[in-house]
Amino acid sequence: MRVLPIDPIERVTGSCYLVHIPERDLRILVDCGGYQDGPNPQQLEEAPFPFDPASIHAVLLTHAHYDHCGRLPQLVRDGFRGQVIATDETIAIAKIVLEDSLKHGNRRALAEPMARIQWRSLGKHLFACPLPIATDVVAFAQRSAHILGAVSWEIVAGLKERPAEQVRVLFSGDIGNNRTGCEVQPMLGRVMNPTGRVDVAFVESTYGGTRRPAAALDPRARRHALALELADAIDRRGPVIIPVFGIQRTQDVLWDLHLLAAEQPDLLAGVPILVDAPMALRFNAVLRDGLMRNFISPGGKVRPAWLGKHAVRELGLDPDRADHIRTASEAIGRLFGEAPGWVPGQDAPAVVEAATLVDRFQPRWARVDGARRDATVAEERPRIVLATAGSAEGGPVQSWLARWLRDPRATVLFAGYCNRGSLGATLLQVGELPPAERQRLHEPLQVAGEQIPGCEIEARIVALSGYSAHADQEGLVEWVFPVKDGVRFPVARRVVITHGESSPRRCLKEAIEARARSDSFVVDVILPQPGGDAIDARTGELVARNEVLGTAKASNLKLLQQLAALSPEDRRQLLDQLGKDGHA
């Protein structure tokens, strides 16, 4: 088995790995993600694939964020006819994400190939059950705890009767922030450790150079910091605007807000909680159903597939009692059920008086309808608003920012990472400046069609910590050196670090090597370079890139270069026509 990491190398988007099993001339992709970082992601989106999409047998999808699934429509458009294999939840979320992406840039022409994606659910093969991919090729999925439905994939090639001759490769996907003894992310179960040693493991490194302080890994500290910001904003009689991502982050913040309302009923009394995030409303139903799903463990136990024990405990219940798990699931179902539309001027929901925390944990949020948005934004009253997008680049949040950034009563709380160059990143820089320095900023910011000079921004702007869905360096090292039956072991003889910029990758390499030396393990840590060769999983030797891409694709390099030289519109029309001719 050979593996060629197409991307992300020296970047954090565009996830795509090409797996080639030469004995069967079988090619499998792990992820097929879109690009969102770098100076010109649109150009990368439009570039031809370096392999022939028609040669791909299947795609294994780790999760449904755009940077892992965004180029699936292009893959189908350019000739892929296989199945995209994922968990039920990832399939449902990917459909939401891909449909939403059609609104942006030149992606409207991808609606037809997107509709032709052939989805295949893991079904009963969830967690530790072999999923047949082809003859003598199976895959295993393990929960990675990044978002709902996210998994790591292990691909095994060879006769099961001869396990010593099988080749095993593991792909981390994005590793979440919940692990044994450190459950930070709301609701989701912790990362499942790899169950055994493989030949090669590919591990992400988004935060490979970051070691988070204890407070950023404590959900109680996170909620305490949020409560302090809310109390201050309410005292100033201004709105709290929280830019959020529609998938998972909106729901994480809603969870914390409702826990605070249940634990401190007076804190949010009379304060509406509004959600202005259309994608989040669609995701709510997927999350609600997913957190109620069970699976049968290898030990014959029925366990929640995605719901974490800590979520049950945070509701004052016992995660080892089936009736308490059921009660927690019902509370979550209510929270993420259909919410009423907000009518400007109406009263906020009353404080729920009940003896137990779980009974006080009642939904008290409303959705912002587009038809009433302008009137809702203009209301002069304290309220908490969760609005997309998380980095403030487009989306309904821009209407809220345009109205309130100049008002000293307002507070803006960023609950997620903002890409360099985004409006959110710029606002956070402005928020860190003392008033005297802020007054020197005359360069205007473009917000919802308005030009707002930095010197006119008077809102309080703060970054909340503790909401990251990515493991830090310690979490990634723990994944590389998991524990089974009380014994720690290296997950692979060779560990390949991808999905990160240069510095985090180097830092993670040093940390893995240090742990290996400390525990007397032998581990080769590899940092592939952009455009580099493939890795033979059995021997660790490099294999010429073109051998894995396929000779047909290598011989057509000139044609690809000519295709890349076309304008996006001309290229799209040509490829669409070729696709139609292929179906004639």
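Read the figures in this text as sums done on the coordinates, not as results from a lab. All values derive from a computational prediction rather than experimental measurement. Quick reminder, even Gly has a Cβ in these numbers, built from the backbone with ideal geometry, and neighbours come from all protein chains shown.
What the Cα convex hull of segment 274-313 gives, in volume per residue, is 80 Å³.
For segment 424-564, the residue among ALA463, HIS499, LEU527 whose Cα projects farthest onto the positive side of the dipole built from Cβ charges is LEU527. Computed over the chain, relative contact order equals 18 percent, with contacts defined as Cα pairs under 8 Å that lie 6+ residues apart.
Sorting the segments 144-151, 485-492 by their residues' average number of neighbouring beta-carbon atoms within 10 angstrom, most packed first, yields 144-151, 485-492. Once you divide the Cα radius of gyration of segment 279-347 by 2.2 N^0.38 Å, the number left is 1.35. Rounded to the nearest 20 debye, the dipole size of the chain about its Cα centre is 780 debye, using +1 on the Cβ of Lys and Arg and -1 on the Cβ of Asp and Glu. Report note on the peptides 18-25, 175-182: ranked by the mean count of other C-beta atoms within 10 Å, highest first, their order is 175-182, 18-25. Please list, in order, the residues from segment 182-220 whose amide nitrogen is less than 20 Å from a point placed 7 Å along the Cα→Cβ vector of LEU357. Inside the label zone: 182-190, 215-220.
Toward the positive end of the charge dipole of the chain, with +1 on the Cβ of Lys and Arg and -1 on the Cβ of Asp and Glu, the farthest Cα among ILE384, ILE56, VAL358 is that of ILE56. Just how many % of Cα pairs in segment 1-86 lie over 20 Å apart, if you round to the nearest whole percent? That fraction is 27 percent. Diffusion coefficient of segment 333-413 by Stokes-Einstein, Kirkwood radius over Cα pairs, 4 °C, 1.567 mPa s: 89 µm²/s. 3J(HN,Hα) along segment 493-505: 5, 10, 10, 10, 9, 10, 6, x, 6, 4, 5, x, 5 Hz, from the Karplus curve 6.51 cos²θ - 1.76 cosθ + 1.60 with θ = phi - 60°, whole Hz, x for Gly and Pro. Mean residue ellipticity at 222 nm, helices only, the chain: -9500 deg cm²/dmol; runs of at least 4 DSSP H residues each add -39,500 (n - 2.57), and the sum is divided by the number of residues. Packing-based ranking of 528-538, 266-276 yields 266-276, 528-538, ordered from highest to lowest mean Cβ neighbour count within 10 Å.
Would you mind computing Rg(Cα) / (2.2 N^0.38 Å) for segment 425-526, counting N as its residues?
On the way: Rg = 21.9 Å, N = 102, 2.2 N^0.38 = 12.8 Å.
Taking the Cα Rg and dividing by 2.2 N^0.38 Å, one obtains 1.72.
Is segment 238-373 best put as rounded, prolate or oblate by its Cα gyration tensor, with a ≥ b ≥ c the root eigenvalues, rounded for a/c under 1.5, and otherwise prolate when a/b is larger than b/c, oblate when not? Verdict is oblate for segment 238-373.
Taken over the C-alpha atoms, segment 180-302 has Rg and Dmax values of 18.3, 59 angstrom.
Filter the chymotrypsin sites (Phe, Trp or Tyr not before Pro) in segment 44-87 down to the DSSP loop ones having no more than 11 other Cβ atoms within 10 Å, then list what survives. Can you show the working numbers first?
Numbers: sites: PHE51, TYR66, PHE80; in loops: PHE51, PHE80.
Sites meeting the loop and neighbour criteria: none at all.
Which shape class, rounded, prolate or oblate, goes with the chain when its Cα gyration tensor gives a ≥ b ≥ c as root eigenvalues, a/c under 1.5 marks rounded, and past that a/b bigger than b/c marks prolate? Prolate shape, in that a/c is at least 1.5 and a/b is the bigger ratio.
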